[in-house]
1. In region 62-115, which residue that is among the hydroxyl-bearing types (Ser, Thr, Tyr) and assigned to a loop (DSSP other than H, G, I, E, B) is surrounded by the most Cβ atoms within 10 Å (Cβ to Cβ)?
2. Of all residues being open to solvent by less than 70 Å² (accessible area, probe 1.4 Å) and assigned to a helix (DSSP H, G or I) in region 153-191, which is modelled with the lowest pLDDT? Just the residue, please.
3. Do the conditions hold for residue 223, that is, is it modelled with pLDDT under 90 and assigned to a helix (DSSP H, G or I)?
4. Restricting the search to region 116-145, which residues are assigned to a helix (DSSP H, G or I) and closer than 15 Å to residue 71 by Cβ?
5. May I ask you to list the residues in region 19-76 that are hydroxyl-bearing (Ser, Thr, Tyr) and either closer than 21 Å to residue 147 by Cα or modelled with pLDDT of 95 or more (or both)?
6. Keeping to region 139-152, report how many residues are open to solvent by 20 Å² or more (accessible area, probe 1.4 Å) and under 25 Å from residue 43 (Cα atoms).
7. For region 114-138, which residues satisfy the criterion of being among the aliphatic types (A, V, I, L, M) and more than 19 Å from residue 45 (Cβ to Cβ)?
8. Keeping to region 116-143, report how many residues are in contact with a strand residue (DSSP E or B) (Cβ under 7 Å, 6 or more places away or on another chain) and more than 23 Å from residue 179 (Cβ to Cβ).
Amino acid sequence: MNNAADQSNRLMRDTWERLWKLDAAGQQPFSIHREVLERAKWRYLAEDLGGQSSGVALEVGCGSGTIGATLAGAGYNAILLDYSMSAIDLATRSFHGLPGRERKHYVMGNAFSLPIRDGSVDVVVSGGLLEHFEDPAPVVNEMARVLKPGGLFYADIWPQRFSLLRLIERMHGGAEGWYESRMRREDAVSMVKRCGLDPVRVFTAGVMPPRGMRGTSRFKTLAILERFFVGKLEPLWVLMDGTVLADWLGAYYYVSARKPAIGTGAS
């Protein structure tokens, strides 16, 4: 690995460590924006799971372990993997109110070389991970490798693109070492298919009012108004997922695909 890439990786790792340590120490609740987003993503993922509620699920780059915890609550034996000890620590402290805590297992590991056997996982997921690599294809290849034939791949990808939700965040810029690709929707489809996963379901989602508005963290009345407005109109925000409006103003791509069953091939 060249020095520039190595330095970039170290900066990104250090940035994530600082973020996870802050979250683990403060245990801040989800914002109303994230609550709405997570509920919508789970509905779409549940559709793709097709009623399946058992087997082995792997969350790669688990962070706080949102998806892994939800899958464990649904009945899966969930492996929550991250390369950050602070993230693993945060994941173990989070979502104690959900069922299935006994089905969660925590693993330190590298997304480029998953410490998981070939074809041993029913569902492999990542949330807000793939956009942080200049070339995420090796990570997707690893995720595909550990999937059983017929298994489900899922990722939500938050590239560097214009979106209403992240408008204010973009104005303030990112932390040192913070990298987000400019991946387009068609790039995501092509990458997933090249890794042997097909058919692919993809759409743009996350059309919501800007988050991070100044004053909401300091003034209780503003925070209450924001929570009421965003939460009350949740059906409207979700209704826009997968529309042309989402292609213009949405924040992330929902991507899912299947590993072809034995005896079949990707078309």
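1. Taking region 62-115 and keeping what is among the hydroxyl-bearing types (Ser, Thr, Tyr), we get 64, 66, 70, 76, 83-84, 86, 92, 94, 106, 113.
Checking which are assigned to a loop (DSSP other than H, G, I, E, B) leaves us with 64, 76, 83-84, 94.
Values: 64: 21, 76: 24, 83: 16, 84: 20, 94: 20.
Across region 62-115, the extreme among qualifying residues is 76.
2. Only one residue fits best here, namely 169.
3. So residue 223 passes the test.
4. Selection gives 143 alone.
5. Result: 44, 53, 54, 66, 70, 76.
6. Of region 139-152, the ones open to solvent by 20 Å² or more (accessible area, probe 1.4 Å) are 141-142, 145, 148-150.
Then drop every residue that is not under 25 Å from residue 43 (Cα atoms), which leaves 148-150.
Of the residues in that region, 3 qualify.
7. Step one: of region 114-138, the residues among the aliphatic types (A, V, I, L, M) are 114, 116, 121, 123-125, 129-130, 137.
114, 116, 137 - these are the residues of region 114-138 that are among the aliphatic types (A, V, I, L, M) and more than 19 Å from residue 45 (Cβ to Cβ).
8. Selection size over region 116-143: 6.
The values are calculated or read from the model by the stated rules, or taken from the named source; none is laboratory data. Every value quoted in this text rests on a predicted model; they were computed, and no experiment measured them. All Cβ positions, even for glycine, are placed from backbone atoms using ideal geometry, and neighbour counts span all protein chains on display. Calculation scope for accessible area: heavy atoms of the full protein, side chains included, ligands and nucleic acids excluded. Shrake-Rupley method; radii C 1.70, N 1.55, O 1.52, S 1.80 Å.
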